[in-house]
Amino acid sequence: MKPYSTLSIQNLYASVAGKEILHGIDMSLRAGEVHAVMGPNGSGKSTLASVLLGHPAYEVPKTKKGKKVVVLLDSKNMLSLPTEERANKGLFLAFQSPIAIPGVTIMNLLRAAYEARYETMEKKKTESVQNPVLARRFQVGGMPIGEFTDIVKSQAKILRISDDMLRRGINDGFSGGEKKKIEMLQALVLPHKFAIFDEIDTGLDVDALKTVSRGIALLQKKGIGVLIITHYQRILRYVKPDVVHILVNGKIVDSGDATLARKIESKGYDKYLV
Amino acid sequence: MKTKSPIGDTYKYGFHKPENYIFKSEKGLDEAVVKSISAHKSEPDWMLQRRIMAYTIFGKKKMPMWGADLSTIDFNDIYYYIKPTQSMSSRWEDLPSEIRDTYDKIGIPEAEKKFLSGVSAQYESEVVYKSIQSTLSKKGVIFLDMDSALREYPEIVRQYFGTIIPSGDNKFSALNTSVWSGGSFVYVPKGVHVDLPLQAYFRINAANMGQFERTLIIAEEGSYVHYVEGCTAPIYTTDSLHSAVVEIIVKKGARVRYTTIQNWSNNVYNLVTKRARVEEEGTMEWVDGNLGSKITMKYPSVYLMGRKARGEVLSIAYAGAHQHQDAGGKAVHYASETSSQIISKSVSKSGGRTSYRGLIEVFPGAKNCKSKVVCDALILDDRSRSDTYPTMKINESQTQIEHEATVSKIGDEQLFYLQSRGVTKTQAESMIVNGFIEPIVKELPLEYAVEMNRLIQLQMEGSVG
């Protein structure tokens, strides 16, 4: 992984069902940095997260007000790619309320996703065993399945996720806290360059919040750029952001260091809402 | 149909059965054809009489009108008896390209491809079969093709043949009884457990999958056997009608599991009657997967005759373009404290249609019976269809019946979630479908389960049939 990847959002506009939600966002994030985007309800926070990964419900113009609308990851425009390619080029999104997919186990998902990324990032396929049926079964991203399983389990242990849970269907009957931990597990296991966490702190008790924060610290240590999208500053008590952006009515209205988050804590968003 | 010398292809594998000469009856069916089939096999007179009687019944029975559309079957345009080497395309090159492509994509070795496509019998499997045979015969287990069983064990065959499914049961059981050929015969003596699944695949004559197979399994008291037939790779056949009859007798305390994976090519009508009689404390389990064919009508049944008998039907059906899978199960409770479970999972895509059709019947006086029916359908697009036709005839008040049915579609949010992890939309769909059928797939022998998952993926990619 290149040490100085950048994610650059330029002039980003987006609308859903004809209603414009984002009115020109500009921000830039480097590998290893933690940025927080804070804003009140309805400011466009989740839209920002969804648009970065290309959710089909949102429309993003190619140009707006005479300027190009782009999201560049190391000079490659993500907006022209389908969702899976954005993921495989290095974007990861931890969902605010991830949907249940009964029958697809977390282990299965991790294997399929890891394999897809391996093929894109390493530009090669898992070495083919003569019988492709066996190859699929016994190899993941160039390593034996047992090795991969061990990696997953070691990361799960950090997050206090039981092995048993890895065999359950994705989010099928999971509590709010369990869902968030599973999102974090995927962020830890799947290689990527920038991780976006949409409201990772909602619905977590203090213990789970600490666990998740530990995950973010690990990602940062690996040189991954982290974008935390949040309403409250709760998680920012455990994770110190390098830059804080205030998003109000689909625009970044202020940016600053971690002290900006503390000001929001004491004074709220009122200042920006007039 | 192309006629080739039977030596050409089989010889390549060093396998040649000289007695396997060609015989083909005329197209269409009359009493003379029935007689010639029997004469050709040098059958005992009682079997000939059965065939002739069944033929008469076949003529009188009406076509079933309650299920899938069978109006295009032309009984006069079918060969009723063909010596097996000829019944299928005899050259690899003669197979339709989509079938060859599928084999390539599944990654089946050359020799196996030829076996599956009916091009040649596989020498290796004969070797495997012989070694299995010697192990089985030490335990007194008989595992033969039905024609050989009739020659070698005529009294056992006579005792049970047609006792579970009489020829008059329905038009197709009558047809099968009059023209049957091939199929398996399994006899498991009292108390014997057959540890390895018996696979029709290894029974050498299974290379010649017939149109009108007749299978009979007898499990004596306290015995156990798992029988597996079919395979997940598509079976190409030029025959348009496959109409088998499977009869199973599960005696006191015995357990039989019967696993079928059917993947006939999309020109085949697959109309099969399967039924098991289960005595006191016996257990019958049907695991039934239907992937191929144009129309399938198949409802494996359990007749629970003795106290505490148990029956289970697990069914998976996949219907793609121009396919109708009309499948399900039947449980008939004749005795007290009997229990049954029918679990059906169906997937329809690209205009395909699946139907669940089931019957739960409890006879008066059969007290404290339990039955559970779960049918789940997954519909992948707006052109596809799924229906449920459950029938309950409960004539005893002390009965516990559960019925659950769900119909679901793959949601956009589910696809977005999986795509955001890096898998394509097609892969995402196949992951969801495989997850949906997983509870039944995990009951399959491992190699079948792996192939099944792979096959679903190919179906999702739209690269098969």
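May I ask you to find the residues of the stretch B:401-433 that are shielded by at least 30 Å² of accessible area once the whole protein assembly is considered instead of their isolated chain (probe 1.4 Å)? Those residues are B:413, B:414, B:416, B:417, B:418, B:419, B:420, B:421, B:422, B:423, B:431. The HN-Hα couplings worked out from phi for the stretch B:168-181 by the Karplus form 6.51 cos²θ - 1.76 cosθ + 1.60 (θ = phi - 60°) are x, 4, 7, 4, 7, 6, 5, 4, 4, 4, 7, 10, 4, 7 Hz, whole numbers, x standing for Gly and Pro. Surface analysis of chain A yields an accessible area of 46 Å² per residue, using protein heavy atoms and a 1.4 Å probe.
Sequence-ordered 3J(HN,Hα) estimates for the stretch B:330-345 from the Karplus curve with 6.51, -1.76 and 1.60 and θ = phi - 60° stand at 9, 10, 10, 9, 9, 10, 6, 6, 8, 9, 9, 9, 10, 10, 10, 10 Hz, glycine and proline given as x. Legend: residue pairs B:62/B:349; B:41/B:330; A:89/A:221; A:68/A:221, Cα-Cα distance threshold 25 Å; pairs beyond threshold, B:62/B:349; B:41/B:330; A:68/A:221. The heavy atoms of residue A:26 offer some 80 square angstrom of accessible surface to a 1.4 angstrom probe.
Would you please give the residues with an amide H less than 5 Å from that of residue B:311, counting only those at least 5 places away or on a separate chain, with H modeled from the backbone geometry? Under 5 Å from the amide H of residue B:311 lie the amide H atoms of B:284, B:339, B:340, B:341, each far enough along the sequence or on another chain. Here the calculated FRET efficiency for residue B:368 and residue B:405, from their Cβ-Cβ distance with R0 = 41 Å, stands at 0.95, rounded to the nearest 0.05. Using a cut-off of 20 Å between Cα atoms, the listed pairs A:19/A:267; B:60/B:294; B:27/B:274; B:274/B:442; A:19/A:65 include A:19/A:267; B:60/B:294; B:27/B:274; B:274/B:442 as exceeding that distance. Heavy-atom accessible area buried between chains B and A is around 2300 Å² (1.4 Å probe, both sides summed). Normalised by 2.2 N^0.38 Å, where N is the number of residues, the alpha-carbon radius of gyration of chain A equals 1.02. According to the calculation over all Cα-Cα pairs in the stretch A:169-269, the P(r) per 5 Å bin from zero is 2, 12, 22, 23, 18, 14, 6, 2, 0 %. A straight Cα-to-Cα reach below 12 Å connects residue A:76 with the aspartates and glutamates A:85, residues fewer than 8 places away in its own chain not being considered. Inter-label distance, residue A:262 to residue A:41: 2.9 nm, where each label sits 7 Å from its Cα along the C-beta direction. Checked against a 25 Å cut-off, the cross-linked pairs A:45/A:240; A:210/A:251; A:157/B:409 give Cα-Cα distances beyond that limit for A:210/A:251; A:157/B:409. Is there a simple number for the mean count of other chain Cβ atoms within 10 Å of the Cβ of residues in A:96-105, and what is it? Mean inter-chain Cβ contacts per residue within 10 Å come to 6. 3J(HN,Hα) couplings calculated from phi for the stretch B:289-298 with the Karplus curve 6.51 cos²θ - 1.76 cosθ + 1.60 (θ = phi - 60°) are, in sequence order, x, 10, 10, x, 6, 7, 10, 10, 10, 7 Hz; Gly and Pro show x.
Extending 7 Å from Cα along the Cβ direction at residue B:196 and again at residue B:381 yields two label points whose distance is 4.3 nm. Summary of the geometry: the stretch B:318-374 and the stretch A:175-254, compared by the centres of their Cα atoms, lie 48 Å apart. Between residue A:251 and residue A:150, the modelled labels are 5.5 nm apart [label points 7 Å from Cα along Cα→Cβ]. The stretch between residue A:4 and residue A:76 holds 24.5 nm of extra length on full extension. This uses 0.36 nm per residue minus the Cα-Cα distance. Taking every alpha-carbon pair in the stretch B:344-407 and binning the separations at 5 Å intervals from zero gives 4, 17, 24, 16, 13, 10, 7, 5, 3, 0 percent.
By the helix-only formula, in which each DSSP H run with n ≥ 4 contributes -39500 (n - 2.57) and the sum is divided by residues, chain A has a 222 nm mean residue ellipticity of -11000 deg cm²/dmol.
The values are calculated or read from the model by the stated rules, or taken from the named source; none is laboratory data. Note that this is a predicted model, so its numbers are computed, not measured. Note: ideal-geometry Cβ built from the backbone for every residue, glycine included; neighbour counts use all protein chains shown. For the accessible areas, the whole protein counts, side chains as well, though only heavy atoms, and no ligand, DNA or RNA atoms are used. Shrake-Rupley method; radii C 1.70, N 1.55, O 1.52, S 1.80 Å.
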